[in-house]
Amino acid sequence: MKELNIGLFGFGTVGTGIYKVLGSARNAHAAIRRICVHSLAKKRAIELPEGMLTDKAADILDDPCIDLIVEVVDNAEASYAIVTEALRRGIPVVSGNKAMIARHLPELIELQRANNTALLYDASACGSIPVIRNLEEYYDNDLLLEVKGILNGSSNYILSRVFDHGENYADALAKAQRLGFAEADPSFDIKGFDSLFKLVIITIHALGVYVKPEDVFAYGIATISDFDIRYAREKGVKIKLVAQVVKLDEGRFTLFVMPEFVAPGKYIYSVDDEYNGVVIRGECYDRQFMFGKGAGSLPTASSILSDVTARHHDYRYEYKKMSYSGRPVYTDDVTLRVYLRHPGPELPDGIKFEKITERYLSGDGCYTVGNISLASLRANKAILDDPSVFLCNIPRFFLDLD
């Protein structure tokens with residue numbers, strides 16, 4: 001088998017992991033020929049052969065010996081420039097940049113088709129869990145009803161420290177940052193953006209429909225308080241940051257990211273620390289569960305290696321479901337049941353429940369539980385982002401299958 005020559009863009013945590021994994025995988029039949037980095041002066045944890053590093057993208061893109069681009073830079077704009085240029089040149093690409101892919105997926109699909117090449121990105125969704133490949137190949141029919149799960153390891157680690165170890169939220173966040181599970185600015189993870197981008201990517205492989213990230217309601221755990229944590233404990237549940245795409249009927253589906261009260265007995269209840277867990281439901285196979293590390297250098301690198309190996313067999317995503325007749329249409333015209341913590345006895349301006357089932361008013365805090373439309377939540381996102389407010393989903397879909 002011919003060895004693939006790889007041009008690697010990015011040599012941070014994930015890039016270093018890829019270098020290590022490729023060096024130890026006996027049957028990878030691939031080797032890194034050149035690495036493009038932002039700064040040649042930066043000290044590296046790994047000693048590299050002389051001349052392997054460059055800070056010029058052209059040194060890789062113009063090299064006729066390069067068979068495959070692997071792109072793991074942390075800047076979405078830089079990632080877009082690298083990936084689109086490589087695809088235009090007919091060079092296949094493996095990428096892990098979920099923000100870039102989610103924002104530009106229709107264009108990236110057209111570039112692959114126009115230039116008869118491939119972009120693989122299993123690492124963009126759930127780290128070591130091969131959810132995209134499975135949705136693309138095993139679930140390549142229209143029987144799928146729902147994909148739901150914990151897609152962000154950083155927020156899950158924080159919530160695990162809170163609910164399983166009794167730590168307060170601020171201490172848990174600080175620990176996640178010290179261990180490298182969360183960035184110095186953790187907003188990408190704790191505000192739900194990371195889960196959102198992964199969900200957009202998953203949806204096109206699950207249902208064959210692309211939804212722009214800005215059209216999807218995404219709400220994180222940034223404003224969670226001790227009041228909310230006590231409420232969850234009193235109810236005997238945990239709070240998890242959950243992303244889901246749900247087929248409502250033959251013609252409609254919805255998707256959103258929200259904290260959720262998860263009861264014992266649910267698969268994702270026991271998904272702790274930096275792990276991810278994904279439940280896939282279908283008309284004929286009920287539910288199936290995938291579990292694994294969702295982040296980190298080596299788990300992500302293992303997913304990249306899987307895509308590299310797939311390119312040996314000329315594998316590419318076919319996006320078959322995009323050509324299916326009668327694809328469902330995205331809607332936010334759906335009623336959810338939620339818990340809303342608010343600072344005073346009156347609901348925040350603009351928040352209107354269709355039905356209220358529980359209210360609690362005290363000097364320590366106030367909350368309302370009831371039914372509200374997803375469209376209303378989207379319209380009032382700025383109000384819900386206030387630090388004095390916290391929103392949590394109370395699950396309603398497919399409870400009979402749990």
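The values are calculated or read from the model by the stated rules, or taken from the named source; none is laboratory data. This structure is a prediction, so every number in the text was calculated from the model and none was measured. Note that each Cβ is placed from the backbone with ideal geometry, even for glycine, and that neighbours are counted across all protein chains shown.
Remarks
- Residue match in the stretch 185-195 (condition: of a type in the set (A, V, I, L, M, F, W, C), at pLDDT below 95 and more than 21 Å from THR300 (Cα to Cα)): no
- For the stretch 58-97, filtering for residues that are more than 21 Å from THR309 (Cβ to Cβ) and of a type outside the set (A, V, I, L, M) leaves 13.
- Positions within the stretch 350-388 being part of a loop (DSSP other than H, G, I, E, B) and under 22 Å from GLY220 (Cβ atoms), in sequence order: GLY350, ILE351, PHE353, GLY365, ASN380, ASP385, ASP386, PRO387, SER388
- Among the residues of the stretch 265-290, those that are more than 12 Å from ASN156 (Cβ to Cβ) and hydrophobic (A, V, I, L, M, F, W, C) comprise VAL278, VAL279, ILE280, CYS284, PHE289, MET290.
- Residue, modelled with the lowest pLDDT, within the stretch 116-148, restricted to residues that are small (Gly, Ala, Ser) and at negative phi: SER128
- Of everything listed in (1) closer than 25 Å to TYR139 by Cβ; (2) charged (D, E, K, R); (3) surrounded by fewer than 18 Cβ atoms within 10 Å (Cβ to Cβ); (4) at pLDDT below 95, the single unmet condition for ASP273 is (1).
- Taking the stretch 49-89 as the range and being in a loop (DSSP other than H, G, I, E, B) and either surrounded by 13 or more Cβ atoms within 10 Å (Cβ to Cβ) or β-branched (Val, Ile, Thr) (or both) as the test, the residues that pass are MET52, ALA57, ASP63, ILE66, ASP67, VAL72, VAL73, ASP74, ASN75, ARG89.
- Of note, TYR330 does not satisfy the criterion of being buried (at least 16 other Cβ atoms within 10 Å of the Cβ), outside the structural domain of ALA30 (by TED's automatic domain parsing) and closer than 30 Å to LYS2 by Cβ.
- Restricting VAL209, VAL257, VAL237 to those that are of a type in the set (Val, Ile, Thr), modelled with pLDDT of 95 or more and surrounded by fewer than 19 Cβ atoms within 10 Å (Cβ to Cβ) reduces the list to VAL209.
- In the stretch 193-231, of all residues being within 14 Å of the chain's Cα centre (by Cα) and assigned to a loop (DSSP other than H, G, I, E, B), the one that is farthest from THR335 (Cα to Cα) corresponds to GLY220.
- The residues listed here are ASN152, ASN168; of these, the one that is in contact (Cβ under 8 Å) with a residue 12 or more places away in the chain, over 19 Å from VAL245 (Cα atoms), touching a helix residue (DSSP H, G or I) at 6+ places or on another chain (Cβ under 9 Å) and of a type in the set (S, T, N, Q) is ASN168.
- Filter pass, GLY326 being among the small types (Gly, Ala, Ser), in a strand (DSSP E or B) and within 25 Å of ILE204 (Cα to Cα): no
- Per-region count, the stretch 311-367, residues farther than 30 Å from ALA232 by Cβ and either in contact with a Gly (Cβ under 9 Å, 6 or more places away or on another chain) or aliphatic (A, V, I, L, M) (or both): 10
- Every residue from the stretch 241-271 that is closer than 20 Å to SER225 by Cα, of a type in the set (Val, Ile, Thr) and either within 15 Å of the chain's Cα centre (by Cα) or outside the structural domain of THR335 (by TED's automatic domain parsing) (or both): VAL242, VAL257
- Comparison of LEU361, LEU347 shows that the only residue that is without any contact (Cβ under 8 Å) to a residue 24 or more places away in the chain and surrounded by fewer than 15 Cβ atoms within 10 Å (Cβ to Cβ) is LEU361.
- Residue that is surrounded by the most Cβ atoms within 10 Å (Cβ to Cβ) [pool: residues in the stretch 241-254 that are in a strand (DSSP E or B) and out of contact with any helix residue (DSSP H, G or I) (no Cβ under 6 Å at 6 or more places or on another chain)]: VAL242
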